[in-house]
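Working notes for the structure below.
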Amino acid sequence: MRVPDVCLLLEGTYPFVRGGVSSWVHQLISGLPELGFSLVFVGGRRADYGEAKYPLPHNVVHHESHFLEDALHGYEPRPVRVPAAPLADSELLHEYLRARGRGAPADPLAAWERAVDSVLAQLERPGGLGVQHFLFGAEAWDVIERRHLEESRLSSFVDYFWTLRFIHAPLFQLARIAERVPEARSYHSVSTGYAGFLGALLERRRGRPLILSEHGIYTKERRIDLNQAEWLEPKALLGAGERARAAAVLRELWIRSFESIGRLVYRSARPIISLYEGNRARQHEEGASPERTRIIVNGIDLTRFGRALAARPPGIPRVVGLVGRIVPIKDIKTFIRAIGVLAQELPDVVGWIVGGSEEGAGYEQECRELALGLGLGERIEFLGHRDVVEVFPGLGLLMLTSISEGQPLCLLEAFASGVPCVATDVGSCRDLIEGQWPEDRALGCAGAVAPFADAEALGGAALALLSNPAQWRACQAAALARVQRYYGERRMLDAYRDVYREALAAGWAAPAAELAWQA
Amino acid sequence: MLARSERDALVAGLLLCEAASLASAWSGRGGPALALHALALPLALALARRCCPASWPGRAALAPTLLVATLPAAGALLLVLVLLPAWRRPRLAPGSNVLDVGAPREIESAPAPVADVRGIRDVLVSSCSLAERLEAVLALRRLPARAAVPILRLAFADRSEDVRLLAFADLERRESKLRARVQELRAAVASAELTPYRRAHLQRCLAQEHWELVHGGFAQGAVGLRVLESAAEHAEASLALVPSGSAAVLLARVALRQNRPQTAWRWLEQAERSGVSPAVCAPLFAEVAYAQRRFSLVGSLLARAPLARVRRPRLSPLLDFWTGRDAS
């Protein structure tokens with residue numbers, strides 16, 4: 001079998017979940033048919049993922065899925081002795097991670113570097129640490145006990161113990177997966193987190209380059225998830241203050257673990273790619289070395305969306321669309337409220353919500369009730385999944401109400417279809433609508449930007465565009481010019497082709513960690 | 001630390017050897033009895049070593065102890081000497097206990113929890129520290145919706161996306177919980193097999209949850225008016241089944257919010273007839289009088305509520321103002 005040129009490491013996305021990242025992955029594979037791809041999918045629970053939502057392109061030569069719910073299954077307690085050297089390295093690695101890679105004197109830093117390489121290279125290998133050592137080794141127990149007394153006494157030992165188990169067990173599982181993943185000439189992770197950690201392991205063990213592309217910032221997203229997680233609060237303690245303090249300790253453990261994984265991945269990947277300057281700066285804050293980072297913007301198939309442009313009816317349809325999954329992060333409720341604001345001035349306006357709700361049927365129900373409550377039952381249409389090329393000709397405006405975004409593809413697709421956009425000021429939406437560089441800004445404004453969760457502002461901006469044909473046409477012209485000049489698929493694919501070419505030229509070296517060990 | 005099958009095998013072997021040894025000794029065969037006992041000793045040693053934690057200080061002395069444990073007097077004395085340090089050894093350092101442990105480093109270096117609404121608002125508006133502002137938003141979780149929601153909306157304007165996202169998530173969580181509760185109650189009310197009392201109770205709960213949607217700021221504007229109407233419908237449905245003072249009070253609150261003071265007054269009178277305390281009704285009567293611009297009545301209505309001062313200490317300045325007690 002042909003050795004794939006690129007092994008894509010995917011966490012919770014393609015091909016099982018629809019969305020911007022999955023569409024991008026599909027576009028990347030389909031757009032580079034000269035390269036062979038393999039896919040390694042890492043998910044949480046099997047039950048959360050059904051059938052593949054995308055047909056795999058012909059150049060995908062291998063696909064395998066792994067689920068982290070298996071991390072602690074199938075182990076019978078038995079006595080094991082934890083080897084001293086890897087345990088010492090593991091302690092050093094944790095010191096490095098606790099220091100967050102900052103302010104380290106030269107000598108310890110060298111020791112830490114060696115420890116990081118050693119642990120990643122030897123995890124679940126003969127002579128290295130294995131999950132049995134972690135789960136059943138008396139020495140591992142002693143370390144956990146000591147760490148609890150040193151750092152986390154405000155949480156109960158039982159909670160601390162199980163939190164550590166749940167944090168670490170998937171890492172051992174990923175190390176076992178790394179041993180079995182078929183060979184590839186380069187590895188490309190689409191996030192840090194677990195998929196990125198697998199990439200860091202493969203980079204060391206196989207001596208192949210690891211490329212990292214981040215659409216959002218994984219560590220930031222996990223931090224937000226954990227800050228709102230109620231399951232962290234122990235139920236056994238009585239006082240709310242005690243519960244909150246104990247939860248803070250456990251939350252800090254989880255957040256620190258994801259930050260640590262992020263730093264290990266940043267340390268292993270080259271290049272580290274983001275979609276826009278804001279996220280690049282965030283990567284630097286999270287520990288990425290600036291010389292490794294670069295920006296490759298999204299790109300879309302202009303020919304495909306040219307068909308949508310050609311199919312546009314004359315005039316400006318009084319239809320405002322939202323393209324995205326029906327999930328809270330898209331803030332569909334604010335879209336509905338904004339349509340309510342708009343309807344006060346434009347009685348014939350209609351709102352289309354284009355996207356599925358497989359992740360949150362309850363949320364869709366809330367949105368439908370809100371529409372009914374606002375008396376917009378007739379005006380808001382939930383269209384489900386649709387081919388957007390067929391939808392865009394019917395839109396007068398695309399509205400994006402998300403509270404967090406990277407570089408939304410739907411905005412670019414709307415631009416290419418001749419649809420101006422009103423979007424919340426998140427991610428790179430402002431850059432897309434108003435332009436980034438002086439010559440980009442000179443193209444004009446492709447719509448309007450408003451604060452998030454502000455239905456009045458969003459509705460007002462939409463009203464200003466829909467009721468002013470001259471301004472609307474100027475926005476349409478700017479949108480078309482911007483997307484055609486800077487956001488074509490060809491540019492993006494060429495940029496990734498170069499990245500892969502560099503990686504493949506640098507590949508096939510002996511594994512760095514093995515060289516270090518031989519020395 | 002010891003696999004169950006291995007431990008069972010050791011225990012079984014040990015018991016078998018000792019039973020056979022005892023039987024041999026009983027039948028007067030000293031040689032085989034001694035040999036069997038000698039065979040049992042390494043099994044006992046293996047079992048003891050594996051069952052004891054590695055950190056136990058007497059672990060190293062187990063072997064010689066067990067070898068001489070059968071000797072009269074000396075064996076028992078040695079056993080006590082070996083085990084004594086383990087029994088006496090404290091789990092924690094001397095003097096430490098659960099109450100006086102310090103906070104872990106992360107918590108000590110983290111900002112102190114923000115205590116009250118004003119403090120949280122101040123931190124959100126003026127603090128330069130992202131960690132402090134995140135802590136402030138987290139602290140809002142412990143506050144009721146009506147206090148937390150306005151501040152959460154304030155956090156939407158924060159310069160950090162982390163703060164904005166956290167505030168938004170908390171708001172969504174609260175709203176989803178309320179709406180899920182409404183759905184549950186609606187499903188329960190739809191059931192045909194309910195006693196009038198149970199149905200009235202469920203209708204009252206539904207009215208209360210609708211009221212909370214408005215009072216918490218989750219339903220505003222046109223939606224808010226619609227939700228208030230639903231609250232009134234459910235409360236009236238409850239009252240039609242079983243007379244209830246609390247449903248009448250809720251109807252009065254709804255009517256006040258709908259700017260229908262006369263209706264609110266009538267519901268409050270009904271609530272009083274149902275036995276609701278003046279401490280609850282009098283401030284609402286006063287509020288209705290104020291809405292009707294009958295300012296001269298406000299003071300006397302509030303004066304009917306002596307318990308209001310006790311139950312709601314924050315009302316005291318207001319009571320003093322309207323009843324003229326702050327004149328001194």
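The values are calculated or read from the model by the stated rules, or taken from the named source; none is laboratory data. Quick caveat, the model's predicted, so the values are computed rather than measured. For neighbour counting, all protein chains shown are included, and Cβ atoms are generated from backbone atoms with ideal geometry for every residue, glycine included.
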Hey, which of the strands (runs of 3 or more DSSP E) in the range A:367-442, taking only ones fully inside, have at least 2 residues that are among the aliphatic types (A, V, I, L, M)?
A:397-400, A:421-424
Output yes when any residue across the range B:221-230 is out of contact with any strand residue (DSSP E or B) (no Cβ under 8 Å at 6 or more places or on another chain), crowded, with 18+ Cβ neighbours inside 10 Å and more than 20 Å from A:ILE332 (Cβ to Cβ), and no when none is.
yes
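Is it the case that some residue within the range A:178-185 is under 22 Å from A:ARG263 (Cβ atoms) and modelled with pLDDT of 90 or more?
yes
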For A:ILE224, are the conditions met, namely being within 30 Å of B:ARG173 (Cα to Cα) and β-branched (Val, Ile, Thr)?
yes
Just to check your reading of the model, which residue among B:ALA136, B:ALA167, B:ALA155 is in contact with a Lys or Arg (Cβ under 7 Å, 6 or more places away or on another chain) and surrounded by 21 or more Cβ atoms within 10 Å (Cβ to Cβ)?
B:ALA155
Select, from A:GLY299, A:GLY315, A:GLY373, A:GLY355, the only residue that is farther than 24 Å from A:HIS26 by Cα and away from chain B (no Cβ under 14 Å).
A:GLY315
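Only residues that are in contact with a helix residue (DSSP H, G or I) (Cβ under 7 Å, 6 or more places away or on another chain) and more than 7 Å from chain A (Cβ to nearest Cβ): list them for the range B:166-175, please.
B:ALA167, B:LEU171, B:ARG174
B:ARG181 - would you say it is away from chain A (no Cβ under 13 Å) and touching a helix residue (DSSP H, G or I) at 6+ places or on another chain (Cβ under 8 Å)?
Numbers: away from chain A (no Cβ under 13 Å): no; touching a helix residue (DSSP H, G or I) at 6+ places or on another chain (Cβ under 8 Å): yes.
So B:ARG181 fails the test.
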Looking only at the range B:212-229, count how many residues are small (Gly, Ala, Ser) and in a loop (DSSP other than H, G, I, E, B).
3
Got a sec? Which of A:ALA169, A:ALA247, A:ALA195 is of a type in the set (Gly, Ala, Ser), within 11 Å of another protein chain (Cβ to nearest Cβ) and touching a Leu at 6+ places or on another chain (Cβ under 6 Å)?
A:ALA247
Tell me, please, whether a residue that is away from chain B (no Cβ under 12 Å) and closer than 30 Å to A:ALA505 by Cα can be found in the range A:218-234.
yes
Is it true that some residue in the range A:118-129 is more than 31 Å from the chain's Cα centre (by Cα), within 14 Å of chain B (Cβ to nearest Cβ) and not in a helix (DSSP H, G or I)?
no
Can you pull out every residue in the range B:11-36 that is touching a helix residue (DSSP H, G or I) at 6+ places or on another chain (Cβ under 6 Å) and either over 27 Å from A:PRO79 (Cβ atoms) or among the basic types (Lys, Arg) (or both)?
B:ALA20, B:SER21, B:SER24, B:ALA25, B:PRO32, B:ALA33, B:LEU36
For the range A:277-287, does any single residue satisfy the condition of being charged (D, E, K, R), closer than 30 Å to A:VAL419 by Cα, in contact (Cβ under 8 Å) with a residue 60 or more places away in the chain and surrounded by fewer than 18 Cβ atoms within 10 Å (Cβ to Cβ)?
yes
Among the residues listed as A:ARG165, A:ARG205, the single one being charged (D, E, K, R) and touching an Asp or Glu at 6+ places or on another chain (Cβ under 9 Å)
A:ARG205
Could you list, in sequence order, the residues of the range B:273-294 that are over 32 Å from the mean Cα position of the chain (by Cα) and surrounded by fewer than 19 Cβ atoms within 10 Å (Cβ to Cβ)?
B:ARG273, B:SER274, B:GLY275, B:PRO278, B:TYR290, B:ALA291, B:GLN292, B:ARG293, B:ARG294
How many residues are closer than 22 Å to A:TRP254 by Cα, within 19 Å of the chain's Cα centre (by Cα) and not small (Gly, Ala, Ser) if we restrict to the range A:172-211?
6
Can we say B:ALA188 is over 21 Å from B:ALA264 (Cα atoms), away from chain A (no Cβ under 14 Å) and not in a helix (DSSP H, G or I)?
no
Residue check, A:ARG280 out of contact with any Pro (no Cβ under 7 Å at 6 or more places or on another chain), within 12 Å of another protein chain (Cβ to nearest Cβ) and of a type in the set (D, E, K, R)
no
Checked A:GLY241, A:GLY315 against criteria (over 23 Å from A:ASP431 (Cα atoms), without any contact (Cβ under 8 Å) to a residue 24 or more places away in the chain and not in a helix (DSSP H, G or I)); the one match is A:GLY315
Looking only at the range B:214-231, decide whether some residue is away from chain A (no Cβ under 14 Å) and closer than 26 Å to A:GLY373 by Cα.
yes
Checking the conditions here, which among A:VAL389, A:VAL341 is buried (at least 16 other Cβ atoms within 10 Å of the Cβ) and away from every other protein chain (no Cβ under 14 Å)?
A:VAL389
